[in-house]
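Remarks on the structure that follows.
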Amino acid sequence: CSSNEAPEYIERPVSELYNGAQDLLDAKEYQKAAEAFDEVERQHPYSVWATKATLMAAYSYYQDNKYDDAINALDRFISLHPANPDVPYAYYLKALSYYEQISDVGRDQQMTQHAMEALDDVIRRFPDSKYSRDAKLKKDLTVDHLAGKEMNVGRYYQDRQEFLAAINRFKSVIEKYQTTTHVPEALARLTECYLALGLEGEAKRTAAVLGHNFPGSEYYSESYDLLVGEGGTSRTEESWWDSATKSITDLF
Amino acid sequence: CSPRIATRGNAPEPEQLEQITVGESTKGDVTDILGSPSTVAAFDENVWLYISKTTETVAFFEPETVQQKVVLISFDAANRVEILSQYDLEDGKPVIPTDRVTPTAGREMTILQQLFGNLGRFSEGK
Amino acid sequence: QQNSGLIREIQVEGNNRIESATVNAYLTVAPGDSYDARQINNSLKALFSTGLFADVSFSFNQGVLQVNVVENPIINRIAFEGNNRLKDEVLSAELQLRPRVVYTRTKVQSDVQRILELYRRSGRFAATVEPKVIQLEQNRVDLVFEVDEGEATGVRKINFVGNKAFDDGELSEVIRTTESAWWKILTSDDNYDPDRVTFDRELLRRFYLSAGYADFQVLSSVAELTPDRSDFFITYTVSEGQRYEFGDIKVVSQIDKIDADALMPLIEIEKGEWYNATMVDDAVDALTTQVGDQGYAFIDIRPSVQRNRETGTIDITFTIAEGPKVYVERINVVGNVRTLDEVIRREFRLVEGDAFSSSKMKRSKQRIENLNFFKSVDVKTLPGQSPDQTVIEVDVEEKSTGEFSIGAGYGTDDGAFGQLGIRERNLLGKGQDLRLNFTLGSSDQQIDLSFTEPYFLDREIAAGFDVYRREEDNQDESSYDEEQTGGRLRAGFKYTEDLSHSFRYTLEQNSYSNIDTTDASRLLLAEDSEFIESSVGHTLTYDKRDSSVAPTDGYFGRLSNDFAGLGGDESYIRTRVEGGYYYPLDREHEWVLSTRVGTGYIFGLDDDTRISQRFMVGGANLRGFESAGIGPRDKATDDALGGKLYYTGSVQMDFPLGLPSEFALKGRVFSDFGSSEGVDGARAGEVYDTGSIRGSVGFGVGWESPFGPIGIDLSQAILKEDHDKEEVFRLNFGTRF
């Protein structure tokens, strides 16, 4: 395999180093490009190139999915050059570095949390920069993702008929994540849980809110049937066969 | 072999409920006697719920809910107890939850990704 | 120079890498403010806290505030000299300073300390580190750490003062630190490590408390350096105090609904037994779980211990009192980057909204750790919305659950063999187990794939399937080879911690091949060589042993039945029963007396049993005889035919060979006995089938080597038939690395 000890330490003029790195970046050799930009900064820390090189190194690491290295380089750039015109881009790229590491709702959401905070940084510090519009868009997605996590746990408890735990999880979606796409489902499942506990009044009131805010959603038509009881009966007994096949399909 | 008994949630004792008098006890009194409510109704802070259940599980069979109690306490505008009602297992309806799930982004890990650990990009997953 | 009036302008001098705009950004004054010493002081502090500057000074005249800074140099390269015990990567991973980062004196000092700490932890207390700075142009520096590792500070001698009940030898077995010796290459426990010495004090305390010495105290643990500074003398001074017995045990309940006397049988402590602190803790756990299961949530059980010195007894009263009423508001799982949230949450004995119980939380943490997916599992409680609510946070740190194993070995029965295995215990983070194994040996080859879902139908049922293909060479035993290709569906369940039950359906295609027609037994030739077995079976296991791999205490029993006949060509019922009892004679479980028994019976329902279905006795399950060395045998061809009924038994004493425990070398003396009888389809006089009992005695050595278990046994058959095949020497070792 290729020998990977550090390239031997030869002094080269800064412009030659920088252009070499830029060519590597254009050739999509992200790992080598990142190392080359680092070399520029190391050999010529005082040249104007060094400042740009730190940023380009971060961008190369980002393209190479090396998010931690990208974030470190960006933090260094922000602390060394707080007044630099490229600082908004640095904050934005840092937010993207967290954003790309978000895992699905079944797993740990700490990256989603970091992404949301970093996106908030961009929106708050540079409201009129060209990055804040995309940052707002991505922030809504991260918030929606966090709501998805609450729903995931809520469904886990509902499937095991732990209605109290499920109710609190669905309620937290309605209260803390009102603008997300999960609210209709949360309201529908809340109606189901209240009904399962025999709280007809609460079930009807929740279904009414669902109908009022999301009249067209399938969740509302299902909850309505459940309450009014026409086609509802089909949804009250699950044959043994259904539950067995469902859990087998869950396997894969 | 004997079933495993499990109790869930907050089950107020009958003598505790007797100490609550309709029209008089305030939210503070109820909290002192029963503790914080298991949950507050989604769209009405004045409706408090104390939910509990007991299940019996025999070997590897489905756990069977043998007892499910909901104590509903609603308060009037002056924060005094207006209604105190209880619901049992019979009141509950056997509801099959909808299997419709709001889609979320984020890539499911494939076997290869797990083996080689590079989890790729979140944005690609959408 | 007048230091009052308005600041018209700010000039920054001495900076070349840091832009002036950056310096201004950190200043707390701006043009137009009036000059104020306190603001200047704040700016000074702000600039220094950035760590970018070696020196900052201000001067102000005629309205011009001059900020002169001396920038800290940038580190160009970091190198280490003189380190061989700890490699460069290990050291640089520990450092705060990196190439291209700003060099500051404080950071260099803290990095020196970090390196020294690393060396101390690997037992080298005499190490010294000198940082050297080489100036380069453009205000850059190269940083070199000159390391002198010094000698490894080992432990010359450990001695104990004030111990009367147990001698130094017994106590040195209790503590972890051991005296340095040349052959202790595998362990670093012989290096001096202060944390380990403090941990030793805890080990001593627990040991004495569980042996009846309630007043025990470690007065001091002193480590003096030897004059040549290369080793330490460690001295533990202890005061044992009096040995106590259990006095009378009482359970008192302050909650009228709980009947205290009903709980008495739960406590396994008997009056007159030596006092033992761990038994008291176990009793508290037993009471808490029992009361918890009865639905009382907020119970606090405290043992109050009254010593009376004259009678040398300790009375214990377990008081059951009302605990604080706290409910679980939320359970948050963090750190699970690969494992799904539900795989962890389903192990939790508490559900959101439940009454909080610390014993349930402890059990949940234990269950999550037993998954063996995580390096660390940290479960803590955080304050909830209201005082009587709490949030439980489960913080896990995952470890790799993929296993790739290569093994090789040699066995007297099956000769040399190689083994390759790939396994993923947490497939896709769903907690499922997928395993693929290849075995290639001189006498048999095998490939099998197995998959298990631990929570089938969301219940604690471990269900899965196996697919396998096996080729066995039985030429020298019964002059035929056998191929089996099949699949199995299985499900298992644990009724209690010790009682588990599993069910299986197996479908297998069998074929005999290269039968040596001149030498094979007539019975074998009479059987058709292709057949399909379709069978259902179950196994009930009760396992109270301290370990299933190397048991030294406890007992186990196993019953399994198989019924073949649901389709397929074969129909038989096979029953097997197995059991074992392990009795340690000493506290360290080095002298262990063990007995094992096994019996089995198979009978064909509507046709004869086959050779490959009958039981073969000899070799591993009856030492002193070759594999399939006893039991029914064809008089003409001398081939083993297997028996429909078999029983085997063994009595064995394992004992230490006096070598220190690190060697994990154990001797054993044993006697095996057993028999096997009953054949289908044999003509009169065609088969030796006496069914008489065979027996052997022998001794051997077992070594738990770092490469795998190795066993050598020499045994002599004493009860035997002259047509049996004996075997004196038996060796096998299996290595997995």
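The values are calculated or read from the model by the stated rules, or taken from the named source; none is laboratory data. Remember, it's a predicted structure, so these values are computed and weren't measured experimentally. FYI the Cβ positions are ideal-geometry reconstructions off the backbone, even for glycines, and counts take in every protein chain you see. The protein model used for the area step is the full one, side chains on, heavy atoms only, and it has no ligands, DNA or RNA in it. Shrake-Rupley method; radii C 1.70, N 1.55, O 1.52, S 1.80 Å.
For the range C:104-187, the list of chymotrypsin sites (Phe, Trp or Tyr not before Pro) that fall in a loop by DSSP and count at most 15 other C-beta atoms within 10 angstrom reads C:182, C:183.
Annotation for the range C:668-700: trypsin sites (Lys or Arg not before Pro) lying in DSSP loop with at most 14 further Cβ atoms inside 10 Å of their Cβ are C:683. Charge tally for residue C:83 (other residues, Cβ to Cβ under 10 Å; Lys, Arg +1; Asp, Glu -1): -3. Between the amide H of residue C:389 and those of C:327, C:384, distances stay under 5 Å, these residues lying 5 or more places away or on another chain, with hydrogens modeled in the peptide plane. Heavy atoms of chains A and B lose about 3900 Å² of accessible surface on contact, summed over both sides with a 1.4 Å probe. Residue by residue along C:90-103, Cβ atoms of other protein chains within 10 Å of the local Cβ number 2 on average. Per-residue ellipticity at 222 nm, computed for chain C from helices alone with -39500 (n - 2.57) per DSSP H run of at least four residues, works out to -4500 deg cm²/dmol.
Solvent-accessible surface, computed for protein heavy atoms with a probe of 1.4 Å, shrinks by 50 Å² or more for the following residues of the range A:143-157 when the other protein chains are added to the isolated chain: A:156, A:157.
For GluC sites (Glu not before Pro), the sites in the range C:111-188 that DSSP calls loop and that have at most 11 other Cβ atoms within 10 Å are C:137. A 1.4 Å probe, protein heavy atoms only, puts the accessible area of residue A:81 near 10 Å². Computed from Cα atoms alone, the Kirkwood hydrodynamic radius reported for the range C:495-564 is 15.7 Å. When the Cα positions of A:50, A:30, A:78 are compared along the charge dipole of the range A:1-127, A:78 comes out farthest toward the positive end, with charges on each C-beta of Lys, Arg, Asp and Glu. Peptide C:333-341 is shielded by partner chain Cβ atoms: per residue, an average of 6 of them sit within 10 Å of its Cβ.
Compactness of the protein assembly as shown is given as radius of gyration and Dmax, 37.3, 130 Å, from Cα positions. Volume per residue for the range A:62-194 equals 106 cubic angstrom (convex hull of Cα atoms). Label-to-label distance for residue C:289 and residue C:8 is 8.5 nm, based on points extended 7 Å past Cα in the beta-carbon direction. Within the shell of other residues whose beta carbon sits under 10 angstrom from the beta carbon of residue C:132, the net charge comes to -4, with Lys and Arg scored +1 and Asp and Glu -1.
Per residue of A:198-207, other chain Cβ atoms within 10 Å of the residue Cβ number 5 on average.
Between C and A, roughly 3600 Å² of accessible area is buried in total, ligands, DNA and RNA not counted and the probe set to 1.4 Å.
Placing unit charges on the Cβ atoms of the charged side chains and taking the dipole of chain C about its Cα centre, the candidate lying farthest along the positive direction among C:728, C:166, C:350 is C:350. Per-residue 3J(HN,Hα) values for the range C:102-116, derived from phi via the Karplus relation 6.51 cos²θ - 1.76 cosθ + 1.60 with θ = phi - 60°, read 5, 8, 10, 4, 4, 5, 4, 4, 5, 5, 4, 4, 4, 5, 4 Hz in sequence order (x marks Gly and Pro). Projecting the Cα atoms of C:10, C:434, C:249 onto the dipole axis of the protein assembly as shown, where Lys and Arg carry +1 and Asp and Glu carry -1 at the beta carbon, places C:10 farthest toward the positive end.
Rounded to the nearest 20, the Cβ-based charge dipole of chain A about its Cα centre (Lys and Arg +1, Asp and Glu -1) stands at 740 debye. Solvent-accessible area of the range C:39-167 (1.4 angstrom probe, protein heavy atoms only): carbon and sulfur portion equals 51 percent. With a 1.4 Å probe and all protein chains left in place, how much of the accessible area of the range C:322-410 comes from carbon and sulfur atoms, in whole percent? Looking at the range C:322-410 in its full context, I get 53 percent from C and S.
In chain A the Cα-Cα distances spread across 5 Å bins starting at 0 as 1, 6, 10, 12, 13, 10, 9, 7, 7, 6, 6, 5, 4, 3, 1, 0, 0 percent of all pairs. Divide the volume of the convex hull around the Cα atoms of the range C:143-269 by the residue count and you get 222 Å³ per residue. Strictly over 29 Å apart at the Cα level, which of C:257/C:360; A:66/A:136; C:107/C:375; A:204/C:360; C:271/C:365; C:87/C:380 would you flag in this model? The pairs that break the limit, which is 29 Å between Cα atoms, are C:107/C:375; A:204/C:360; C:271/C:365; C:87/C:380. For the protein assembly as shown, the solvent-accessible area with a 1.4 angstrom probe is 48 square angstrom per residue. Each Lys or Arg adds one and each Asp or Glu subtracts one; over the other residues with Cβ under 10 Å from the Cβ of residue C:213, this totals 0.
Here the range A:73-221 has 53 percent of its accessible surface on carbon and sulfur atoms, given a 1.4 Å probe and all protein chains in place.
Net charge dipole, the range C:83-165: roughly 480 debye, given to the nearest 20, about the Cα centre with Cβ charges of +1 for Lys and Arg and -1 for Asp and Glu.
Taking amide hydrogens as placed 1.01 Å from N in the peptide plane, the amide H of residue C:53 sits under 5 Å from those of C:72, each at least 5 positions away in sequence or on another chain. Take the accessible area of C alone and of B alone, subtract that of the pair with a 1.4 Å probe, and the total buried over both chains is about 1900 Å². Under the convention that each Lys and Arg Cβ holds +1 and each Asp and Glu Cβ holds -1, the size of the dipole of the protein assembly as shown around its Cα centre is about 3300 debye.
Relative to the current alpha-carbon distance between residue C:117 and residue C:526, full extension at 0.36 nm per residue lengthens the span by 139.6 nm. The Stokes-Einstein estimate for the range C:575-688, based on a Kirkwood radius over Cα pairs and taken at 25 °C with 0.890 mPa s viscosity, is a diffusion coefficient of 152 µm²/s.
Relative contact order of chain C: 5 percent, from C-alpha pairs under 8 Å at least 6 residues apart in sequence.
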